[in-house]
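Shown next, in structure tokens, is the structure this report addresses.
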Amino acid sequence: MTMTTNKAPSRLDRFRDSFVWYSFKRDRTAQLCLAVFLCLVVAAFSAPLLAPTDPYDLRQIDIMASELPPFWIDGADEQYSLGTDAQGRDLWSIILYGTRVSLLIGFGAVILQALLGVTFGLMAGYLGGRVDAFLMRLADIQLSFSTLMVAIVVGAVVKATLGGAFYSQYAVLMLVLIIGLAEWPQYARTVRASVLAEKGKEYVDAARVMGLRSKRIMFRHVLPNTLSPIFVISTVQIANAIISEAALSFLGLGMPETHPSLGSLIKAGFDYIQSGSWWITLIPGAVLVVLVLSINLLGDWLRDVMNPRLYKG
Amino acid sequence: MALLEVSQLDVRFALRQGEVKAIRDVSFTLERGERLGIVGESGAGKSVAAFSLLNLISKPGFIAGGSIRFEGQTLNTMSERGLRKIRGNRISMIFQDPMMTLNPVLSIGEQMVECLKAHRRISSRDARAIALDKLRQVQIPSPEKRLDQYPHELSGGMRQRIIIAIALLLDPDIIIADEPTTALDVTIQAEIMALLLDLCEQHNVGLILITHDLGVVSQVTQRMLVMYAGRVIEQGPTREIINDPQHPYTQGLINALPQMATPGEKLNQIRGSMPSLSNLPSGCAFHPRCDFIKRADGQTRPACVEQVPGFVQTGNCLAACHMVAELLEDRRLKEESQ
Amino acid sequence: MTTQASAAAENHIPAENIETATPLLQIRDLKKRFSLSGDFLEQLRFKGGKLVRHQEHVHAINGVNLDISRGEALCVVGESGCGKSTVARTVMGLLSPSEGEIHYDGQRIDHLSSRQLLPYRKRMQMIFQNPYASLNPRMTIQQTLEEPLRLHHPKWNRQQIADKVEEVMRSVGIDPDWGKRFGHEFSGGQRQRIAIARALAVDPEFIVADEPISALDVSIQAQVLNLLMEAQHERNLTYLFITHDLAVVEHFGTRVAVMYLGTVCEIATTATLFAKPRHPYTQALLSSIPRLEDDRPQHIRLEGEVPTPVNLPSGCVFHGRCPYANARCRQEIPLLQMQNDGTRVACHAVEEGRL
């Protein structure tokens, strides 16, 4: 608390001095998870560079080379390190591309959820009264529809009006929309709760006494102070969105097999487990588990670090 | 031998910035039935001192040195089991927030009976009778009714009375009260303090009162310690310290009270603020705020900056200050030369 | 309730108590209730087989009349729950009154929209109790102090704003080089200085201070109180000072209003009130200040505790704890009445000469 120098520390200094960095330096799990997660993200987004074949290019697919096993099993082809799927696509390439699709949908959906949820939560919490009652009832209603139901309804409506081809073409966007719409109430509730806590603090009164408008108080004063819980729930929500996408794709409501995500890969391979080609489904499945697990563990660590009751500073 | 004897107590907290010395070299004694005040501002270490008496310091804090002897038994090396026999039974505590002691889901009667049965072999019926008697002693209106009430049904002042009743339940030898009235209004505070004082006198119970309020200390206690930045800087009979404080910090604290200045005039403030314990100044921790580090000839007294002052005796008081030591030395030399 | 009579009493204050003809701030019959009953659905109850709407209110202020003259420091004292903070927050427009009016410099301000209030925001500012909560933790000191200036002086350029920030920081004793730091890097006393700087930045003439020193350490309290008095002399400020600490009032206040359970029971100049408290509650309050001088607390003991403001007692709100209460006190609400030394007291016993 005492200041020996008058020079204010830079942002980097502040970060180095922060509890987040301190705890990260000591937490092996968090370090490992972040490393795994970053590897997956980098690999997925540089898929066109890393993948030996382009699974979206039909000319590169050899149907004769279908259901080849991965390299450690007899009968493997050196060309396909992780084997091939039922259509003869290189599994390694298609997992890279599939992870990219899954991550895109996960991040996209969470951004949409956050936009909707934070705005509504902020308004409900700060303005209170009828706005609060209306938005929170809306959230309750939204929560009583499962993601699955929203997906079925949206899917049905879009397919009926614009055709199945349109749906497949814009499947990524559709899934972002569906998962984003279905799960914004999580954000809205978290944000509302912390806005209510912040609203009672005197700095908000001070801003009101100053004569600032509600909009400025909400976004300039209250919102920055609710960022920690938003950050924490975002990690959990990304994991959830990826799982939701996988579940929807597995049920055939998600990505088409021509542009597979991890979920549709699992689904596609599922039919071949009986015939012994287990790798088509289990390898993408393992990738999905590792991805979601690393995000969830990071989220747990973040929640512990940012819990104000554990750390008072 | 004194009832409670604390010598050279040293409590540290292992924090990520390194080890912080919360209190250092704290020594005092408490006789049977004596009322002692520990005064200081936030961060002075007065609560840490109180908590460490019953070994209630929790991680990352620990007692790094010194001893706490109660009736000849050393408390800081005692097993948890042995301590439980003393806590609440021989030495009880009153906290600032009554809800720290009261369990919200048990009625007042249940909590008191439970407490009695934990320490004594006693039937529920007798325990209830004792509880009722203690509630009467703290002058709670309709005590029979209160036994079946829950803490949330009572007002703040009433809860603090209940806490005092619980503290007295097992006829302890010492009550440690940590800011017992800070959360209460002045009229209620005055009543609670008067009650505590009466009860301690009646039952010959020793009281260690931790507070930042010099007015309360001067009315309730017989001896007091003034703490600053983890050390005791002055101790002695309360009246003597209040009327004629020796240490510049104690003087500053008393002079800063609004009642010590003419209304409308500037108050006598102490400049600066208490240093953080992780970044203490060298020498006397008070020296950056002290007006007396310069000698009469205008030179800064080097000892203030270089050396932690030890206690010197003035009257019945002990003060840890180089300036006071120097004054005493001058006086002694003058007397010798005459 | 007290409406007409006390308003009339207000108009006949002897000249010595008022410096200018119109007081800077006038509070008229202010009442504030808070609903405890939630929304409409929660208010519905079954009673005797019928569905009835049941509402409960906290009566935080019940008809308060106060005048604050230019240049004075009016202290409002009382124990927790007496409504003193509610008065402060209502005056600043953080709460809207249930009944009554607030006039600032002759203009009624309690019904204005936030946009219409903007010019008054520049003239009246507030200092809060808790310096640990009153600074936005995500803003630097510089940002905190610039914000009110940007809002109220939209035409100023960067340099003018920076100069003004530096000036107020110096005037409260904070080194301007610390502007890039965040609130949590400062100690409680320094934070309160910064909060005072924020209030002074727009050069207000009237400041509401809601327990500005009660969260601070003793040695720091003196510093902050000195700063507030200095600012008053230099800028000719008028204060509405809310506190529970009578020692501070004695030192700081020009006049004192004592509140109990949402009503004002005595208003007097500071010297008169401390020399000769009239109302039995004021007497009890004064006697319970812990003083350094006496060895033994010699305070007046009050029976029982403050009743809840949900169900107000009939008659005088203080009668349940008052040693002088009689049948009249239990039925009739006492009004503030002028005494010959200018003090106004709301007490039947004082009026009847029983006390």
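The values are calculated or read from the model by the stated rules, or taken from the named source; none is laboratory data. Only a predicted model underlies this, so the values are computations on that prediction, with no experimental measurement involved. Here the Cβ positions follow ideal geometry from the backbone for every residue, glycine too, while neighbour counts run over all protein chains shown.
The residues listed here are B:GLU265, B:GLU201, B:GLU240; of these, the one that is among the charged types (D, E, K, R) and closer than 26 Å to C:VAL224 by Cα is B:GLU265.
Residues in segment C:297-319 that are under 18 Å from C:SER80 (Cβ atoms) and among the β-branched types (Val, Ile, Thr): C:VAL306, C:THR308, C:VAL310, C:VAL317.
Contact annotation: residue pairs with Cβ atoms under 9 Å, 6 or more positions apart or on different chains, pairing a residue in segment B:262-281 that is more than 8 Å from every other protein chain (Cβ to nearest Cβ) with a partner that is modelled with pLDDT under 85 and assigned to a loop (DSSP other than H, G, I, E, B), are B:LEU277/B:GLY43; B:SER278/A:MET1; B:SER278/A:THR2; B:SER278/B:GLN17. In summary, helices (runs of 4 or more DSSP H) completely within segment A:1-106 and bearing 3 or more residues that are more than 14 Å from chain C (Cβ to nearest Cβ) occur at A:19-26, A:28-45, A:47-50. The set of residues in segment B:119-144 that are touching a residue at least 12 places away in the same chain (Cβ under 8 Å) and over 21 Å from B:LEU199 (Cα atoms) comprises B:HIS119, B:ARG120. Candidates are the residues of segment C:123-150 that are surrounded by fewer than 18 Cβ atoms within 10 Å (Cβ to Cβ) and closer than 24 Å to C:THR90 by Cα; the one that is nearest to the other protein chains (Cβ to nearest Cβ) is C:TYR132. State whether one or more residues within segment C:157-167 are more than 9 Å from chain A (Cβ to nearest Cβ) and in a loop (DSSP other than H, G, I, E, B). Yes, there is a match, as at least one residue in segment C:157-167 is more than 9 Å from chain A (Cβ to nearest Cβ) and in a loop (DSSP other than H, G, I, E, B). One residue alone among C:ARG121, C:ARG53 is of a type outside the set (Asp, Glu) and closer than 20 Å to C:ALA199 by Cβ, and that residue is C:ARG121.
Hey, any hits in segment B:66-78 for a residue that's touching a strand residue (DSSP E or B) at 6+ places or on another chain (Cβ under 7 Å) and over 18 Å from B:VAL11 (Cβ atoms)? For segment B:66-78, residues touching a strand residue (DSSP E or B) at 6+ places or on another chain (Cβ under 7 Å) and over 18 Å from B:VAL11 (Cβ atoms): absent. For segment C:304-348, filtered to residues that are within 26 Å of the chain's Cα centre (by Cα) and in a helix (DSSP H, G or I), the residue that is nearest to C:GLU266 (Cα to Cα) is C:HIS348. For segment C:245-268, a residue qualifies if it is at the interface with chain B (Cβ under 9 Å from one of its Cβ atoms) and either of a type in the set (Phe, Trp, Tyr) or closer than 20 Å to B:ALA183 by Cα (or both), and the qualifying residues are C:ASP245, C:LEU246, C:ALA247, C:VAL248, C:VAL249, C:PHE252.
Of all the listed residues (C:GLY71, C:GLY81), the sole one being within 14 Å of chain B (Cβ to nearest Cβ), surrounded by fewer than 22 Cβ atoms within 10 Å (Cβ to Cβ) and either modelled with pLDDT of 90 or more or assigned to a strand (DSSP E or B) (or both) is C:GLY71. Residues considered: C:ALA275, C:ALA209, C:ALA271, C:ALA215. Of these, the only one that is under 19 Å from B:LYS266 (Cα atoms) and within 14 Å of chain B (Cβ to nearest Cβ) is C:ALA271.
Scanning segment B:250-259 for residues that are within 8 Å of chain C (Cβ to nearest Cβ) and in a helix (DSSP H, G or I) turns up B:GLY252, B:LEU253, B:ILE254, B:PRO258, B:GLN259. Pairs linking a residue in segment C:276-295 that is among the hydrophobic types (A, V, I, L, M, F, W, C) to a residue that is assigned to a helix (DSSP H, G or I) and at pLDDT below 85, with Cβ atoms under 6 Å and 6 or more positions apart or on different chains, are C:ALA284/B:THR187.
Within segment B:1-24, residues that are closer than 17 Å to B:LEU225 by Cα and free of Cβ contacts under 8 Å to residues at least 40 places away in the same chain sit with their Cβ atoms under 9 Å from residues that are among the charged types (D, E, K, R) and not in a strand (DSSP E or B), at 6+ positions apart or across chains, in these pairs: B:ALA2/B:GLU31; B:ALA2/B:ARG32; B:ALA2/B:GLU34. Kindly indicate whether any position in segment B:175-191 is under 24 Å from B:GLU31 (Cα atoms), within 10 Å of another protein chain (Cβ to nearest Cβ) and in a helix (DSSP H, G or I). Looking through segment B:175-191, none of the residues is under 24 Å from B:GLU31 (Cα atoms), within 10 Å of another protein chain (Cβ to nearest Cβ) and in a helix (DSSP H, G or I).
Against the conditions (1) more than 21 Å from A:ALA246 (Cβ to Cβ); (2) surrounded by 14 or more Cβ atoms within 10 Å (Cβ to Cβ); (3) more than 21 Å from the chain's Cα centre (by Cα), A:VAL158 satisfies every one except (1).
Scanning segment C:288-303 for residues that are within 7 Å of chain B (Cβ to nearest Cβ) and either at pLDDT 75 or above or not in a loop (DSSP other than H, G, I, E, B) (or both) yields C:SER288, C:ILE289, C:PRO290, C:ARG291, C:LEU292, C:ARG301, C:LEU302. Summed over segment B:285-308, residues that are buried (at least 21 other Cβ atoms within 10 Å of the Cβ), in a loop (DSSP other than H, G, I, E, B) and over 22 Å from the mean Cα position of the chain (by Cα) total 2.
Does any residue of segment B:228-243 turn out to be facing chain C (nearest Cβ under 7 Å) and within 22 Å of B:ILE38 (Cβ to Cβ)? For segment B:228-243, residues facing chain C (nearest Cβ under 7 Å) and within 22 Å of B:ILE38 (Cβ to Cβ): present. Of all residues assigned to segment A:2-9, none qualifies as being of a type in the set (D, E, K, R) and modelled with pLDDT of 85 or more. Of all residues in segment B:102-114, those being crowded, with 18+ Cβ neighbours inside 10 Å and either of a type in the set (Val, Ile, Thr) or at pLDDT below 90 (or both) number 3.
All conditions but one from (1) in contact (Cβ under 8 Å) with a residue 40 or more places away in the chain; (2) buried (at least 18 other Cβ atoms within 10 Å of the Cβ) apply to C:PRO307; the one that does not is (2). Screening C:PHE186, C:PHE182 for residues that are modelled with pLDDT under 90, in contact with a Ser or Thr (Cβ under 7 Å, 6 or more places away or on another chain) and surrounded by fewer than 24 Cβ atoms within 10 Å (Cβ to Cβ) leaves exactly one candidate, C:PHE182. Of the residues in segment B:19-40, at least one is in a strand (DSSP E or B), over 20 Å from the mean Cα position of the chain (by Cα) and surrounded by fewer than 20 Cβ atoms within 10 Å (Cβ to Cβ).
When you look at B:GLY37, is it in contact with a helix residue (DSSP H, G or I) (Cβ under 9 Å, 6 or more places away or on another chain), touching a residue at least 60 places away in the same chain (Cβ under 8 Å) and either among the β-branched types (Val, Ile, Thr) or within 22 Å of B:ASN279 (Cβ to Cβ) (or both), yes or no? Considered against the rule, which asks whether it is in contact with a helix residue (DSSP H, G or I) (Cβ under 9 Å, 6 or more places away or on another chain), touching a residue at least 60 places away in the same chain (Cβ under 8 Å) and either among the β-branched types (Val, Ile, Thr) or within 22 Å of B:ASN279 (Cβ to Cβ) (or both), B:GLY37 comes out as no.
Within segment C:95-118, the set of residues being closer than 18 Å to C:LEU240 by Cα, buried (at least 16 other Cβ atoms within 10 Å of the Cβ) and either touching a Lys or Arg at 6+ places or on another chain (Cβ under 9 Å) or touching a residue at least 24 places away in the same chain (Cβ under 8 Å) (or both) comprises C:LEU95, C:PRO97, C:ILE102, C:HIS103, C:TYR104, C:ASP105.
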